1. Would you check if there is a residue in segment 405-414 being modelled with pLDDT under 85, buried (at least 23 other Cβ atoms within 10 Å of the Cβ), touching a helix residue (DSSP H, G or I) at 6+ places or on another chain (Cβ under 7 Å) and not in a loop (DSSP other than H, G, I, E, B)?
2. Mind listing whichever residues of segment 438-473 are closer than 18 Å to Gly192 by Cα and of a type in the set (Val, Ile, Thr)?
3. Residues in segment 514-531 that are assigned to a helix (DSSP H, G or I) and either touching a strand residue (DSSP E or B) at 6+ places or on another chain (Cβ under 9 Å) or in contact (Cβ under 8 Å) with a residue 60 or more places away in the chain (or both): how many?
4. List every residue pair whose Cβ atoms sit under 9 Å apart, with the two residues 6 or more apart in sequence or on different chains, where the first one lies in segment 266-291 and is more than 21 Å from Met519 (Cα to Cα) and the second, anywhere, is at pLDDT 85 or above and among the charged types (D, E, K, R).
5. Name the single residue that is modelled with the lowest pLDDT among those in segment 201-248 being in contact with a strand residue (DSSP E or B) (Cβ under 8 Å, 6 or more places away or on another chain) and part of a helix (DSSP H, G or I).
6. Taking segment 315-346 on its own, how many of its residues are at pLDDT 95 or above, farther than 13 Å from Tyr485 by Cα and touching a helix residue (DSSP H, G or I) at 6+ places or on another chain (Cβ under 7 Å)?
7. Is one or more of the residues making up segment 694-710 among the charged types (D, E, K, R), in contact with a Ser or Thr (Cβ under 8 Å, 6 or more places away or on another chain) and in the same structural domain as Val590 (by TED's automatic domain parsing)?
8. Checking Ser511 against (1) within 23 Å of the chain's Cα centre (by Cα); (2) not in a helix (DSSP H, G or I), only one condition comes out false. Which one?
Amino acid sequence: MEEPNGFAEVATIINDMELEGQHNNEEERESTEINYSRNRTLSSTSVAIVGAKVSHIESLDYEINENDLFKHDWRKRSRVQTLQYVFIKWISHFWSAFLLEVWPPSSVSQSKISLVTNSALLYFMGFAFFAGANFLLTLVAAFITVYFAPTAAGPGVPEIKAYLNGVDTPNMFGATTLFVKIIGSIGAVSAGLDLGKEEPLIHIGSCIACLLGQGGSDSYKLSWHWLRYFNNDRDKRDLITYGSSSGVCAAFRAPVAGVLFVLEEVATWWRSALIWRTFFSTAVVVVVLRIFMDYCKSGSCGLFGRGGVIMFDVSDVIVRYHFVDIIPVVIIGVIGGLLGSLYNHVLHKVLRLYNLVNEKGKLHKLLLALSVSLLTSICIYGLPFLAKCKPCDSSLSDSCPGTGETGNFKQFNCPDGYYNDLATLLLATKEDAIRNIFSLNTGNEFQVISLLIFFLLYCILGVITFGIAVPSGLYIPIILMGSGYGRLLGIAMRPYTKIDQELFAVLGAASLMSGSMRMTVTVCVIFLELTNNLLLLPITMLVLLIAKSVADCFNPSIYEIILELKGLPFLEAHPEAWMRNITVGELADVKPPVVTLEGIEKVRRIVEVLKYTTHNGFPVVDGVIPELHGLVLRTHLLLVLKKKWFLNERRRTEDWEVDEKFTWIDLEERWGKIEDIAVTKDEMEMYVDLHPLINTTPHTVVEILSVAKAMVAFRQVGLRHMIIVPKYQAAGVFPVVGILTRQDLRDCNILNVFPHLAKSKSIKKGN
């Protein structure tokens, strides 16, 4: 049976599960065979869209499991083993950065465009070649994405944010996703679609780092056991962080911006060691990239040396501005914030509309992508015929009309000595289009009507292209739109300011990025490293701050919107104010009773608990006077059953018995499902000593703690389980009140149970 897909089906599945009272998520499952049943009131159903499927989502184990086996292994590690671990980790950083370099889509686009702009292929034959090439490239990109790796569609950054927040996103970082992302991105970008390669590069870097960390791909039987050091959620979190920073650096040739991107946008948990390790990764990228570019300048790489990353050098411009020039800068920041929030709003509606089409099946996804490709080809090839030819300026140093694959002054349908300014912007790679509109001393090169057509076209294409089933990025479409309206505003403001039109284009692109993505520091450094002009810093900072402040008044960032649409349980950095009016004990009261185990437990009991619940952690309570000993994970219980580590009598095990059966690598692996493990009738009556596997230092909170404070601690420490203990410890008081998980701390789930909190929230907003 094919799994459901689509945003609408997420809500349908949740409603059906609530109506039927069935609970098949990572936290609990109601059972009629043992007494774990209770009418659920606090919803913790965790389903989300990953790729094309609605999947059950689990949390990640970022917390260090300090059980006896871990402590014993840590004590006996030699200095050589520790140095080996550190060395291999640094080598993984190096290779994850090094493998990001070869990137030819711009070269493919330039080859195609150079043939189209040739006068011999104008009109119908030119359009047939142009549209046909784009159609085939889109077909390849969409086909492999739809049928082989739906998780490769889109930017991938929201899923990276969710993973680093503690949400497992199945198959997002696998080998198939990596291959399809690379090939699909090359096809989609080369097809001239209004999307960029920047976010796909971030996803590709994360995939490479993750595969290196887990020792290869088990699906393709390509694994290296000596790399299994990092096959755990904590180390993979670090490696994915390094990979995403390398992707930003590879996309923009901006190493500092790569570090700031993961700090500001994607990383939830941060420490000082990550700063210089991410900086090392970005340094490797930029050094190797520079070596490749120097080598390719000799022509050894064909057109590849002319493509690649973006670098819009405006260092030669003398930036002059006075106090009165602050007014147009403020205006461009306000407009950028308004347009950015409007873009997010419209894109939100379009994504919901596309979902209705995608729910009809894979063929409809493919047809949607091909339709967008055909419309894009018609617009990009047909609209330049509406522009008037402009005579070439003999004072310019550049050849006019241009004869190469790159540069300004595309002749297109114009006679000798003239150029088509709209074709210069549209019939070019996205990097060349931005470079042209950012170019210095081009105040009279582009007509107002051409800039207006350029801006409106990319506004429309930017909305309808993002969301089709191909790898795609948002940076380039937003920069294209922002530079277009910035250039138009520069022309309108020409009598009132001394700031050049080209700088208005840079400020417009920056303001729209800040208005849509809500990043400030990262965008500021990206544009400084792209334009190579430090004098832009003050006005760029002002524009970014104004744009973000204005946009925040209307809606969240585009990545947060996508996270919400997909249903990924992302925990925000700041809790809602009303969360201080409710305690964790009150949340525990509206949850089913906590399921506990004893230190020495019967195999039958363990099998029943694993079979009829889907909890991933179980408090261990033992003693004549019940006392909390710690927490044992579901995966460790499955490991015990799989290895048949049973005892004939109820007793504690010796250290040598544990070391003989388990290794620390075993504890880091995930051991499938209980249905895959066979336990005989005689084994059911045997015992298991759980003490060596118990995390003796789980995070606990008192029942009177506010939900706001619990949420902050849960997010910052990277927890999966938070045990609630009673305020007073006394005879007859059970030592565990309940367990909180990620789903329990989501505001939407809490408000479903406590609707009066929503009323107080609306009253505060009204005041």
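The values are calculated or read from the model by the stated rules, or taken from the named source; none is laboratory data. Only a predicted model underlies this, so the values are computations on that prediction, with no experimental measurement involved. Every residue, glycine among them, receives a Cβ derived from its backbone with ideal geometry; neighbour counts consider all protein chains shown.
1. yes
2. Step one: of segment 438-473, the residues closer than 18 Å to Gly192 by Cα are 453-473.
Of everything in segment 438-473, those that are closer than 18 Å to Gly192 by Cα and of a type in the set (Val, Ile, Thr) turn out to be Ile453, Ile460, Val463, Ile464, Thr465, Ile468, Val470.
3. Narrowing segment 514-531 to residues assigned to a helix (DSSP H, G or I): 514-517, 521-531.
In the following step, the residues that additionally are either touching a strand residue (DSSP E or B) at 6+ places or on another chain (Cβ under 9 Å) or in contact (Cβ under 8 Å) with a residue 60 or more places away in the chain (or both) were identified as 514-517, 521-522, 525-526, 529-531.
Count: 11.
4. Ala273/Asp238; Arg277/Asp238
5. Leu227
6. Qualifying residue count for the region: 4.
7. Within segment 694-710 (the criterion being among the charged types (D, E, K, R), in contact with a Ser or Thr (Cβ under 8 Å, 6 or more places away or on another chain) and in the same structural domain as Val590 (by TED's automatic domain parsing)), the answer is yes, since at least one residue qualifies.
8. (2)
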